[in-house]
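Here the structure comes first, spelled out in structure tokens, and everything after it is commentary.
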Amino acid sequence: MSDASADREVQRRVGTALKQLSVSDSYLLRHDASERTITHRFATHLEKHFDGWDVDVEYGLDGGAVPPDVVVHRRGSRDRLLAIEIRKASDATPAEEERRRLRDRRESEEDPYRYACLIELGTRAGGKPTFEVEFV
């Protein structure tokens, strides 16, 4: 598989998991559930699309750095595929700070992730949720 087709495949799988989240967990999105709750549910959908990989929420064993919200990796190895930050559009943390952390994950000399993705959720009580996905 070429790099371009691998890129598209990872993006497609993330998009499919988001679609499943919006259908299966629409109640949480419409009622503006906490980011952690939504992140957990997204991870449960995402893991269905990455056979042979571990999908973990806030996985951090080093104790120092802030872990990504969701990672797709192989536990116990340096095989790290995807780091994801999820933020609500109403979050006070600037999106650029999230992008910087993701770029740092991709460019890490010790434990680089092949892909990094920022997902911004627009949730409104009773409204249709929106998703903005950006691979950085």
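Per 0.36 nm of contour for each residue apart, how much would the distance between residue 74 and residue 12 grow if the chain were fully extended, relative to their Cα-Cα spacing? Could the numbers behind the result be given before it?
Numbers: separation 62, 0.36 × 62 = 22.32 nm, distance 2.03 nm.
Extra length from residue 74 to residue 12 when fully extended: 20.3 nm.
If I take every Cα pair under 8 Å that is 6 or more residues apart in the chain, average their sequence separation and divide by the length, what percent do I get for the relative contact order? Numbers along the way, then the final one.
Values: 205 pairs, mean separation 27.5, N = 136.
20 percent.
Can you tell me the orientation of helix 95-107 relative to the chain, as the angle in degrees between its alpha-carbon axis and the longest Cα principal axis, to the nearest 10?
For 95-107 against the chain, the angle is about 20 degrees.
Search the structure for amide H atoms under 5 Å from the amide H of residue 131, placed 1.01 Å from N in the peptide plane, and list their residues when 5 or more places away or on another chain.
Distant-sequence amide H within range of residue 131: 122.
Using the heavy atoms of the protein chains alone and a 1.4 angstrom probe, what is the accessible area of the chain per residue in square angstrom? Walk me through the numbers before you get to the answer.
Numbers: 7660 Å² over 136 residues.
Result: 56 Å² of accessible area for each residue.
In the chain, carbon and sulfur make up what percent of the accessible area (probe 1.4 Å)? Walk me through the numbers before you get to the answer.
Working: 3520 of 7660 Å².
Percent of accessible area from carbon and sulfur atoms in the chain: 46.
Taking the Cα centre of the chain as origin, work out the dipole magnitude from +1 charges on Lys and Arg Cβ and -1 charges on Asp and Glu Cβ, in debye rounded to 20.
Roughly 520 debye, rounded to the nearest 20.
Please turn the phi angles of region 116-121 into ³J(HN,Hα) values with the Karplus equation 6.51 cos²θ - 1.76 cosθ + 1.60 (θ = phi - 60°), one per residue in order, whole Hz, x for glycine and proline.
Each residue's phi maps through the Karplus curve to give 9, 9, 10, 10, 10, 9 Hz.
Modelling each spin label as a point 7 Å along the Cα-to-Cβ direction, I'd like the residue 30/residue 97 distance in nm, to one decimal.
3.3
Reachable lysines from residue 128, Cα under 18 Å, same-chain residues fewer than 8 places away excluded?
19, 88
Check residue 115: other-chain or 5+ apart residues with amide H under 5 Å from its amide H, H built from backbone geometry?
Those lying under 5 Å, H to H, from residue 115 are 82, 83.
Tell me which label goes with the value of volume of the Cα convex hull per residue in Å³ computed from the coordinates here: [x] 157; [y] 131; [z] 108.
Here volume of the Cα convex hull per residue in Å³ agrees with entry [z].
The values are calculated or read from the model by the stated rules, or taken from the named source; none is laboratory data. Just so we're clear, the structure is a prediction, and the values are computed from it rather than from any experiment. Positions of Cβ are generated from backbone atoms using ideal geometry, with glycine treated the same way; all protein chains shown enter the neighbour counts. Ligands, DNA and RNA are excluded from the accessible area calculation, which covers all protein heavy atoms including side chains. Shrake-Rupley method; radii C 1.70, N 1.55, O 1.52, S 1.80 Å.
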